[in-house]
Amino acid sequence: MRYRILYGLAVVLVLAAAILGLAKRGTYQDIAHSENFYADALVAELPEQIALTNSEAMRTALPTAPLIMRVHVLDDLEYVPNNAKLKVRVDDVFTGTGCAVGDVIYLTGRYYILFDSNQTTLECFFVNVPEVGEDYLVFVEDQLVSYHDPFPVFRLFQSSIFTPIFSYTDHPCTILPTEEHTTYVPYDAVRENEFFVTSEKAFQALSDLKHEMLERYPIR
């Protein structure tokens, strides 16, 4: 119950920021074609105590996800108003139905773009945007109804504060100091990270959880 409350608080904060960003920017821009988007964007780091609490809760929650798969990322994020989707190929299905090996699908539900004339923000729930060509362990909530997408659209598991995607490759972690009233930092300075966190203890908590899940759902 505690991790659900923490998750709810995180969602409220992100959605509040989204509403503020929408009010300021007026009309949506096609930032997918902006070469400077990632270089200029801000991204939030996950505070230590929330990382410790949520990662512990996810040890039991993540394996209950309706659909657990290993996927191969085929393309960069495709941005749409108030959301984004990731095109992947299913390479293994550990738990659940609705997908088969070889299927091409979209993953969504955890990426949002906020921007105005002064600042662009990438909201990705403390886990970096997956890299094209890499394999990831993903935890999925359900399939969404979509009448215009060329591939089925699946929503990522919602009961975690951080995006439930783990790379099968380890990545370095740069931790930047944050101000008292915000944990946002320049994305360009942490773009090689897998996780965005405020401390080494927070990184270790997510890293330990990741390796526990990768051991449970290995490449086979």
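For this structure, a couple of remarks:
- Check on Tyr112, surrounded by fewer than 21 Cβ atoms within 10 Å (Cβ to Cβ), within 18 Å of the chain's Cα centre (by Cα) and within 22 Å of Ala205 (Cα to Cα): no
- Residue ranges of strands (runs of 3 or more DSSP E) in region 119-172 with at least 2 members over 18 Å from Thr97 (Cβ atoms) and within 16 Å of the chain's Cα centre (by Cα): 120-123, 135-144, 165-167
- Residue pairs whose Cβ atoms lie under 6 Å apart, separated by 6 or more positions or on different chains, with the first residue in region 99-110 and farther than 13 Å from Leu67 by Cα and the second surrounded by 18 or more Cβ atoms within 10 Å (Cβ to Cβ) and basic (Lys, Arg), are Tyr106/Lys85; Tyr106/Lys87; Thr108/Lys85.
- Residue in region 196-211 that is more than 16 Å from Val129 (Cβ to Cβ), touching an Asp or Glu at 6+ places or on another chain (Cβ under 7 Å) and assigned to a helix (DSSP H, G or I) present: yes
- If the condition is being of a type in the set (Asp, Glu) and modelled with pLDDT of 95 or more, then region 76-114 contributes Asp91, Asp92, Asp103.
- Number of residues in region 173-185 that are in a strand (DSSP E or B), of a type outside the set (A, V, I, L, M) and under 17 Å from the mean Cα position of the chain (by Cα) equals 1.
- Among (1) under 25 Å from Ala205 (Cα atoms); (2) in contact (Cβ under 8 Å) with a residue 12 or more places away in the chain - the single one Thr60 does not satisfy: (2)
- Screening the candidates Phe151, Phe126, Phe162, Phe157 for the property of being under 12 Å from Lys210 (Cβ atoms) and touching a residue at least 12 places away in the same chain (Cβ under 8 Å) yields one hit, Phe162.
- Counting residues in region 186-201 that are farther than 21 Å from Ala61 by Cβ and basic (Lys, Arg) gives one or more.
- Scanning region 52-99 for residues being touching a His at 6+ places or on another chain (Cβ under 9 Å), within 28 Å of Asp208 (Cβ to Cβ) and surrounded by fewer than 18 Cβ atoms within 10 Å (Cβ to Cβ) gives a total of 1.
- Output for region 187-211, where each listed residue is in contact (Cβ under 8 Å) with a residue 24 or more places away in the chain, over 16 Å from the mean Cα position of the chain (by Cα) and surrounded by 15 or more Cβ atoms within 10 Å (Cβ to Cβ): Thr198, Ser199, Ala202, Ala205
The values are calculated or read from the model by the stated rules, or taken from the named source; none is laboratory data. These numbers were taken from a predicted model, which means no experiment stands behind them. Reconstructed Cβ throughout: ideal geometry from the backbone, glycine too, with neighbour counts over all protein chains shown.
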